[in-house]
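Peer 1: Structure provided below as structure tokens; questions to follow.
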Amino acid sequence: MRQPKSKEKIRKDQILEVAARLFRKKGFSATSVRMIASEMNMEAASLYNHISSKQDILKELLLTLAREFMEGMEQVEKSNSNPFQKLEMLVSLHVKLTLAHPDQISLITGEWVHLEEPMLSQYVAHRSDYEKRFKSIISDGMKEGFIEKIDVDMAVFSILSSLHWLYSWSGRHRDLAAEEIEKEIKQCLLYGLKKRESFS
């Protein structure tokens, strides 16, 4: 049974949520700790009771997200699904996380470059590993006859680029249910890869 969050944890989560929204709107560099505190109706000094720095906030937002993607990837890899079904599962993972954390997701398109070492290298390693495993699933799909012969690097670039910017598109289509978004995204990004004979 999951333990209820403490007041400290709830407050910190609220700070992270507000910071992500400001980083998305103004950019990391243009957002100050004072701005975040003001949005929280707190004094800047009080904010430091919950976080150590603006850099600490960015680190937590990005590395927490990276861990969620890696955990999702591990679940997909362990499943008994075929490679094409695994790609569908990964699209579902991206849609789920994007709709749950759109402001946080927006940071992966550019603001991550403001991470300082050693966290920058750690984050880049997470991204590279995720992309490598994504490519591996597509390659397996080609070998096993579920996916057409394609340029794997181009396929992964096209799919992940679209998914990374989904937060912007979904924000303008709030009337669509998650299931409908998943269906449309899969139709647009994946079904052109599928072997024709496997449609039957």
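The values are calculated or read from the model by the stated rules, or taken from the named source; none is laboratory data. Every value quoted in this text rests on a predicted model; they were computed, and no experiment measured them. Note that we place each Cβ from the backbone using ideal geometry, even for glycine, and neighbour counts take in every protein chain shown.
Peer 1: Considering only residues that are in a helix (DSSP H, G or I) and either buried (at least 20 other Cβ atoms within 10 Å of the Cβ) or in contact with a Lys or Arg (Cβ under 7 Å, 6 or more places away or on another chain) (or both), which ones fall in region 39-53?
Peer 2: Hits for region 39-53 are Ala44, Leu47.
Peer 1: Going by what's in this entry, would Ile138 be described as more than 18 Å from the chain's Cα centre (by Cα) and among the aliphatic types (A, V, I, L, M)? First the steps, then the outcome.
Peer 2: On the way: more than 18 Å from the chain's Cα centre (by Cα): yes; among the aliphatic types (A, V, I, L, M): yes.
In short, yes.
Peer 1: Let me ask you something else. For region 141-173, which residues satisfy the criterion of being surrounded by 17 or more Cβ atoms within 10 Å (Cβ to Cβ), under 12 Å from Lys194 (Cα atoms) and either under 15 Å from the mean Cα position of the chain (by Cα) or of a type outside the set (Gly, Ala, Ser) (or both)?
Peer 2: Of everything in region 141-173, those that are surrounded by 17 or more Cβ atoms within 10 Å (Cβ to Cβ), under 12 Å from Lys194 (Cα atoms) and either under 15 Å from the mean Cα position of the chain (by Cα) or of a type outside the set (Gly, Ala, Ser) (or both) turn out to be Met142, Phe146, Ile147.
Peer 1: OK, next. Kindly provide the set of residues from region 18-38 that are crowded, with 16+ Cβ neighbours inside 10 Å, assigned to a helix (DSSP H, G or I) and not hydrophobic (A, V, I, L, M, F, W, C), ordered by number.
Peer 2: Within region 18-38, Arg21, Arg24 meet the criteria.
Peer 1: Next question. So which residues in region 160-176 are without any contact (Cβ under 8 Å) to a residue 40 or more places away in the chain and either within 28 Å of Asn80 (Cβ to Cβ) or of a type in the set (Phe, Trp, Tyr) (or both), if there are any at all?
Peer 2: Within region 160-176, Leu160, Ser162, Trp169 qualify.
Peer 1: Out of the helices (runs of 4 or more DSSP H) lying entirely within region 143-200, which hold 1 or more residues that are among the charged types (D, E, K, R) and over 19 Å from Val95 (Cα atoms)?
Peer 2: Values: elements: 152-164, 166-171, 178-189.
Result: 152-164.
Peer 1: Criterion first (hydrophobic (A, V, I, L, M, F, W, C), touching a residue at least 60 places away in the same chain (Cβ under 8 Å) and more than 30 Å from Lys25 (Cα to Cα)) does Leu190 satisfy it? Explain how you work it out, then say what you get.
Peer 2: Working: hydrophobic (A, V, I, L, M, F, W, C): yes; touching a residue at least 60 places away in the same chain (Cβ under 8 Å): yes; more than 30 Å from Lys25 (Cα to Cα): yes.
Yes.
Peer 1: Among the residues in region 71-79, are any over 25 Å from Ser168 (Cβ atoms), outside any helix (DSSP H, G or I), modelled with pLDDT of 95 or more and in the same structural domain as Phe134 (by TED's automatic domain parsing)?
Peer 2: Within region 71-79 (the criterion being over 25 Å from Ser168 (Cβ atoms), outside any helix (DSSP H, G or I), modelled with pLDDT of 95 or more and in the same structural domain as Phe134 (by TED's automatic domain parsing)), the answer is yes, since at least one residue qualifies.
Peer 1: A further question on this structure: Is region 135-143 home to any residue that is in contact (Cβ under 8 Å) with a residue 60 or more places away in the chain and under 18 Å from Lys186 (Cβ atoms)? So that I can check it myself, show each step before the final result.
Peer 2: First, the residues of region 135-143 that are in contact (Cβ under 8 Å) with a residue 60 or more places away in the chain: 137.
Retained after the next criterion (residues that are under 18 Å from Lys186 (Cβ atoms)): 137.
Yes - at least one qualifying residue is present in region 135-143.
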